[in-house]
């Protein structure tokens, strides 16, 4: 079925047998089984941990002195730890699982070097565990989004490179040679992450780092590339693969996809420095230019997704909701890109800089778009590689509504509250403490969003554990049966 | 167009352009700044912090103070940083890169859940007030949402007849007789760091405005974001 969404280039017939022959889907899926199972299980663990840590962080705005006697539970540690769990533990790891399967499935080839992936998975998780534990212990590097200390980063990077090598080898050994648009996005994301991570780590953590506000510039450059390109391209690659696959319609169309790709790597990669930062003025001017230019590709994403997706009722309930995850994701993508474009302008950032507006929009991108798209991928991929069905379709539906409502109730109060906060901050006749007290209302409202998202994560985790338990016990039974049969025969 | 290396080349071109423009070019432009003589006073600026304050910088970093407190003053007429008294330059102009050269790391900050701390050391010179604020912010600033940093303090039982030590906290509530609350080493370091925060030197790039009388927001000197 994935054939239907390959590029507009005419499909040449592939030999059914011989060394270049396409491999049947069942075998492809079986080859991905354990790497993807491990990646999915551990990333779900990180997702749940991220939920708990982020919840603890919000609690501090309801009652500041809650858990105040333990240094490792202070807001300045649980907040970055939670965000690192979400990005590195869940989004990148689960994104890699989806990428591995998409490459194997598009190329009709088995996953290459599957054992390497498992070693990589192990190292990545050791690295993130050390990193997050380091943040809680008080070893944070102090750079936002790059808080994990060196000893965690080292393991994680080696692990990442192993998984990425396996993905690239699978891509290289593809039996169906036609390039799909998802290949463009996902291959780039694979390369991009180690490039920006090593650059940022080299300039900030190792040896003689750059000094002064240049550190902030490198950090901002890193974060913008991490969201727009690494998470963005994993999400877009997922969207452009699963929307046509689920709808059983060709992608509309390949060249719009290439336009989005080129526009984003040309302009979406600039560091976005808010006006007024202690840096030469051209930094923020170019940042705003870059942000404004990404409006066009964001609208193009909406066009591609909405003109390709299938509203038709012949889709099963399960597929309809899996597709909704990614359709919601594309809406969040467009909304978040538009908001950050407007926000990059001089007039707007005078108000919103330093307020809750910016983090709310970041989460709208990371969670509303990237994480939702990855959920779509996981829901589609996991039953196939494990050879079973999710025990409950209802839980998928519930997860979708909880996550969508969660992101809405999280982002909207903080976006609106952030603007009010900014106007308050800019009016020197309003005492600071008054401004701060006024923001407590939207902050507390956003806890509702946190709780809805948390419930959604529980639904996802339950479904996943059910699926794993069912298929694994099935595998165990058949293995035992086979073994006994052999014994009887001998 | 249909080959893996094409994707790699296009991606590499994109990344290197972004790197050249937004990582290398900034470093070439302002990456070589060093200590300079401040105008008017002639002191070297920025001065290296004291050892205790540099250790305090690590405490500030470890506990993520940066997630709620910024350390940057925006220019006059852009926001109300100067009007709120967060700036300290005689010219009432913004922070510049020079201010952060010895910061490890430079914690400029993205959030103002709490007030800006660029010049906290000039606003607050009383260490025991800072201890009290860290121990229980609602005591010193009613309505504050700053979490209490009780783990930076030690509750010590006083021996019979022993007097509380000089730096013991004087609390308005929860004062248990027979006990004293004293700052730990980390609290002393953090306080030394907070008291070392100042961005007040007059530099080439932050000249005092020529006519102080026109310093109001709508005045002739209210350069919108271009105070440099």
Between the range A:388-419 and the range A:248-288, what is the separation of their alpha carbon centroids in Å? 27 Å
For the range B:71-195, rounded, prolate or oblate, judged on the Cα gyration tensor with a ≥ b ≥ c (square roots of eigenvalues), a/c < 1.5 rounded, else prolate if a/b > b/c? prolate
Relative to chain A, whose Cα atoms define the longest principal axis, helix A:432-489 and its Cα axis are tilted in degrees, nearest 10, by 20 degrees
With axes computed from alpha carbons, what is the tilt in degrees of helix A:150-172 against the longest principal axis of chain A, rounded to the nearest 10 within 0 to 90? 40 degrees
Note to self: C-alpha centroids of the range A:118-180 and the range A:185-209 sit apart, in Å, by 11 Å
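Calculate for chain A the 222 nm mean residue ellipticity that helices alone would give, adding -39,500 (n - 2.57) per DSSP H run of length 4 or more and normalising by residue count, nearest 500 deg cm²/dmol.
Numbers: 17 runs with 351 residues, N = 490.
Value at 222 nm, helices only, nearest 500: -25000 deg cm²/dmol.
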Report the calculated FRET efficiency for residue B:37 and residue A:70 (r = Cβ-Cβ distance, R0 = 51 Å), to the nearest 0.05. 0.65
For the Cα atoms of chain A, what angle does the longest principal axis make with the long axis of helix A:232-247, in degrees from 0 to 90, nearest 10? 40 degrees
FRET efficiency for residue B:205 and residue B:157, using Cβ-Cβ distance with R0 set to 60 Å, rounded to 0.05: 0.65
Taking the Cα of residue A:154, stepping 7 Å toward and past its beta carbon, and measuring to each backbone N in the range A:91-128: which are under 19 Å? A:120-128
Subtracting the Cα-Cα distance from 0.36 nm times the residue separation, let me have the gained length for residue A:285 to residue A:444 in nm, one decimal. 53.8 nm
Calculate the spin-label point distance for residue B:47 paired with residue A:302, positioning each point 7 Å from the Cα along the beta-carbon direction, and give it in nanometres. 5.6 nm
Where a ≥ b ≥ c are root eigenvalues of the Cα gyration tensor, a/c under 1.5 meaning rounded, otherwise prolate if a/b exceeds b/c and oblate otherwise, chain A counts as prolate
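Need one value for B:16-24: mean number of C-beta atoms belonging to other chains within 10 Å of its residues' C-beta atoms.
Details: counts 1, 4, 14, 6, 0, 6, 15, 11, 0.
Counting Cβ atoms of other protein chains within 10 Å of each residue's Cβ and averaging gives 6.
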How many angstrom lie between the C-alpha centres of the range A:210-245 and the range B:126-169? 43 Å
Length gained if residue A:27 through residue A:472 is fully extended, taking 0.36 nm per residue and subtracting the Cα-Cα distance, is 158.4 nm
I need A:430, A:210 ordered by Cβ neighbour count within 10 Å, fewest first. A:430, A:210
Under the 0.36 nm per residue contour assumption, what length would be gained going from the current alpha-carbon distance of residue A:293 and residue A:202 to full extension? 29.8 nm
Likely footprinting exposure, B:191, A:170, B:138, fewest C-beta neighbours within 10 Å first: B:138, B:191, A:170
Per-residue Cβ neighbour rank within 10 angstrom, fewest leading, A:108, A:248: A:248, A:108
Under the rule rounded for a/c under 1.5, else prolate if a/b exceeds b/c, else oblate, using alpha carbon gyration tensor axes a ≥ b ≥ c, the range B:1-156 is classed as prolate
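FYI, it's all coordinate maths here, none of it is from the lab. Because the structure is predicted, anything quoted here is derived from the model rather than measured. Cβ: placed from backbone, ideal geometry, glycine included. Neighbour counts: every protein chain shown.
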